[in-house]
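Q: Got a structure for you, written out below as structure tokens; questions coming shortly.
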Amino acid sequence: MNIATINTGIQIQKQQLLNHSLYQKINTVEDLHQFLENHVYAVWDFMSLLKALQNKLTCTSTPWFATPHPETRYLINEIVLAEESDLSIDGRRLSHFEMYLEAMQDCGAKTNSIEHFLEEVNSLQNIFVAIKKSNLHPNIKAFLDFTFKVIEEGKPHKIAAAFTFGREDLIPKMFTEILKNFQSKFPDNDLNKLLYYFERHIELDADEHGPMAMKMITELCGDDSKKWSEVEAISILALEKRIGLWDAIEEQIVLKAEMV
């Protein structure tokens, strides 16, 4: 098994994501707000996957020792640098999560729900209890639960699978087109920061991080067929959880429209 066979094995889920009916439901500014207020949880938990990989594949403790794969070390540190302290649209150093929050605020979406959730995570010091206690949609809870269970299991190749294949790089391209359409339809809403966020992801993922992440999977699995099988299984699950997240957002958009 190799990267090509993994890509073949996850085609059904990828096509479900790319052809999801959610995209056709985002027609008003209120719909966009609903999307952002739910998708932000995926923007946040991505950072935990990344930091889990950094802990596993680089040395983050003292005394320092060189970890086995220099290329993988470079990949992880490079992605952490970009994700945790990238240049914002106005030249400040911000994480992509912070950029997303600012973009939400600029276009009128609410951030109080994610902010309250993060306060609870910090206060309870147990991510699984915080997820369970939250008022989030069951699919969003399942999405977050999956991420943190993969992290808790602590197997680098599984974390790398959720990180690499579970975060579909075609999605930002799709939303960039939706946002450009929104800019022409709703000129009074400031979407510049949001467009910058998605375009930055496309630039980084396509040119640098995507190919490097595939190399990381290859290095972590080597000739171990069991690891390759586990990577495929985790990748499928990760995509299914993302489809569930999209289902939840679509459901909430439809419900809100019916209440108007």
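Q: Are there chymotrypsin sites (Phe, Trp or Tyr not before Pro) in segment 55-99 that DSSP marks as loop and that have at most 11 other Cβ atoms within 10 Å, and which are they?
A: Those satisfying the criteria are TRP64, PHE65.
Q: I need the chymotrypsin sites (Phe, Trp or Tyr not before Pro) found in segment 126-233, filtered to DSSP loop residues with at most 13 other beta carbons within 10 Å of theirs.
A: none
Q: Something else now. Hey, can you find the accessible area per residue of the chain for me, probe 1.4 Å, expressed in square angstrom?
A: Accessible area per residue: 48 Å².
Q: Now for a different question. Would you mind telling me which residue in SER48, SER225, SER61 has the biggest mean-square fluctuation in a Gaussian network model of the chain, where springs connect alpha carbons within a distance under 10 angstrom?
A: Answer for the Gaussian network model of the chain: SER61.
Q: If you average the C-alpha positions of segment 173-207 and of segment 212-239 separately, how far apart do those two centres end up, in angstrom?
A: If we compute the Cα centre of each part, the gap is 31 Å.
Q: With a 1.4 Å probe and all protein chains left in place, how much of the accessible area of the chain comes from carbon and sulfur atoms, in whole percent?
A: Result for the chain: 52 percent of the exposed heavy-atom area is carbon or sulfur.
Q: Translational diffusion coefficient of segment 1-94 at 4 °C, 1.567 mPa s, Stokes-Einstein with Kirkwood Rh over Cα pairs, in µm²/s as a whole number.
A: 77 µm²/s
Q: Further question on the same structure: Can you give the extra length, in nm with one decimal, that the chain gains between ILE12 and GLU120 once fully stretched, where that is 0.36 nm per residue apart less the Cα-Cα distance?
A: Extra length from ILE12 to GLU120 when fully extended: 35.3 nm.
Q: Let me ask something else. Just the Kirkwood number for the chain, please: inverse of mean 1/r across all distinct Cα pairs, in Å, one decimal.
A: 19.2 Å
Q: Which of rounded, prolate or oblate describes segment 115-231 when judged by the alpha-carbon gyration tensor and an a/c cut-off of 1.5?
A: Oblate shape, in that a/c is at least 1.5 and b/c is the bigger or equal ratio.
Q: So for segment 1-136, averaging the separation of alpha carbon pairs under 8 Å that are six or more residues apart and normalising by length, what relative contact order in percent results?
A: 21 percent
Q: So what is the relative contact order for the chain, in percent, with contacts set as C-alpha pairs under 8 Å and at least six apart?
A: Relative contact order, the chain: 33 percent.
Q: Let me spell out the model: positive unit charges on the Cβ of Lys and Arg, negative unit charges on the Cβ of Asp and Glu, origin at the Cα centre of segment 84-231. What dipole size does that give, in debye rounded to 20?
A: Dipole of segment 84-231, to the nearest 20 debye: 480 debye.
The values are calculated or read from the model by the stated rules, or taken from the named source; none is laboratory data. These numbers were taken from a predicted model, which means no experiment stands behind them. No Cβ is skipped: glycine too gets one built from the backbone with ideal geometry, and neighbour counts run over all protein chains shown. In case anyone asks, the SASA skips ligands and DNA or RNA and just uses the protein heavy atoms, side chains included. Shrake-Rupley method; radii C 1.70, N 1.55, O 1.52, S 1.80 Å.
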